[in-house]
1. In region 1-116, which helices (runs of 4 or more DSSP H) lie fully inside it and hold 2 or more residues that are closer than 26 Å to Glu129 by Cα and aromatic (Phe, Trp, Tyr)?
2. Since Val53 meets every condition but one in (1) hydrophobic (A, V, I, L, M, F, W, C); (2) farther than 20 Å from Val181 by Cβ; (3) modelled with pLDDT of 95 or more; (4) buried (at least 16 other Cβ atoms within 10 Å of the Cβ), which condition does it not meet?
3. Within region 172-192, can one find any residue that is basic (Lys, Arg) and over 14 Å from the mean Cα position of the chain (by Cα)?
4. Are there any pairs, at least 6 apart or on different chains, whose C-beta atoms fall under 8 Å, with the first in region 232-246 and over 13 Å from Gly257 (Cα atoms) and the second assigned to a helix (DSSP H, G or I), and if so, which?
5. Got at least one residue in region 119-133 being in a helix (DSSP H, G or I), touching a strand residue (DSSP E or B) at 6+ places or on another chain (Cβ under 8 Å), in contact (Cβ under 8 Å) with a residue 12 or more places away in the chain and assigned by TED's automatic domain parsing to the domain that holds Leu35?
6. Suppose we filter Ala72, Ala40, Ala80 for residues that are within 27 Å of Ala272 (Cα to Cα), surrounded by fewer than 22 Cβ atoms within 10 Å (Cβ to Cβ), of a type in the set (A, V, I, L, M, F, W, C) and in the same structural domain as Met131 (by TED's automatic domain parsing); which single one remains?
7. Going by the conditions given, is Gly29 of a type outside the set (Asp, Glu) and surrounded by fewer than 20 Cβ atoms within 10 Å (Cβ to Cβ)?
8. Name the single residue that is farthest from Leu151 (Cα to Cα) among those in region 83-121 being surrounded by 14 or more Cβ atoms within 10 Å (Cβ to Cβ) and among the hydroxyl-bearing types (Ser, Thr, Tyr).
Amino acid sequence: MPALAATAVSKRYGATQALRGVDLDVQDGELLGLLGPNGAGKSTLVKIACGLVRPTGGDVQVCGAPAGSLDARRALGYLAELFRFPGWATAAELLELHQRLAGSSGGDAERAELLDLVGLADARDRRVETMSKGMQQRLGIAQALVGSPRLLLLDEPTSALDPAGRRTVRALLEELRRRGVAVLLNTHLLSEVERVCDRVAIIDHGRLVAAGTPAELGGAEAVEVETAAGVRRFPGGREEVPALVARLVAEGEDIFGVRVARSSLEDAYLAAVAAAADGGAP
């Protein structure tokens, strides 16, 4: 049973169709990157999974329970993009509050484990207002993990972080994968998705327009050869390089450089969004 299963999900706000029959699932221990331009429907899908918004049509299940039900809410953790914690609270006090809200009986041991997991073990008595943005972001992930949820929904968790902070969050996501936690990562940062996610789903105009692993969406490999006449591109991968170079040299070409290239996730994303735009939105 998937940690998250969305089937033919649609959502209309008045005359605006935010989602148009989206099918999506996230398995235990899987990191799924959710990509799409502003207004594509990503946040609406996340809010439906949280139970904050009701779908117009279709069905969303969280660990086998209807989204928004008590069992579903107990099975997931959520960190919004624009969260704000009370500045006067310490890290430990904030987690204790969320333990009470979530009905967690983990007590001080759970608080200590979560703070250690996000690299804030030495900041348990530090007030939120004195923390950097990166520390608050990691504290936010810690509160989302209160009660050991099976599914974690993260909305732009690294968008305001510096490179060191992003590396810390990436390491944390990899640890969550190791623990079997399913993560739906809603982000605009394709480089982060390419580095850490197992699969990618691209949404545009409320539709799922592409899905697969970063490697699958990136496309086939090609060999780029720099010659006196310029760079020439040939289909194939690393195994074809020796024979290709030998053939070009035999044909009298001067070879100045060779590299194996693969179209990036960014290329795949732009192509998928452009194709969706060409198709139009009814």
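1. Per the criteria, no element qualifies.
2. That leaves (3) as the condition not met.
3. Yes, region 172-192 has at least one match.
4. As it stands, the answer is Phe234/Glu240; Phe234/Leu244; Gly236/Leu244, since those pairs meet every condition given.
5. Looking through region 119-133, at least one residue is in a helix (DSSP H, G or I), touching a strand residue (DSSP E or B) at 6+ places or on another chain (Cβ under 8 Å), in contact (Cβ under 8 Å) with a residue 12 or more places away in the chain and assigned by TED's automatic domain parsing to the domain that holds Leu35.
6. Among Ala72, Ala40, Ala80, only Ala80 is within 27 Å of Ala272 (Cα to Cα), surrounded by fewer than 22 Cβ atoms within 10 Å (Cβ to Cβ), of a type in the set (A, V, I, L, M, F, W, C) and in the same structural domain as Met131 (by TED's automatic domain parsing).
7. Yes; evaluated as a whole, the condition is true for this residue.
8. Thr90
The values are calculated or read from the model by the stated rules, or taken from the named source; none is laboratory data. The structure displayed is predicted, hence computed values, not measured ones. Cβ: placed from backbone, ideal geometry, glycine included. Neighbour counts: every protein chain shown.
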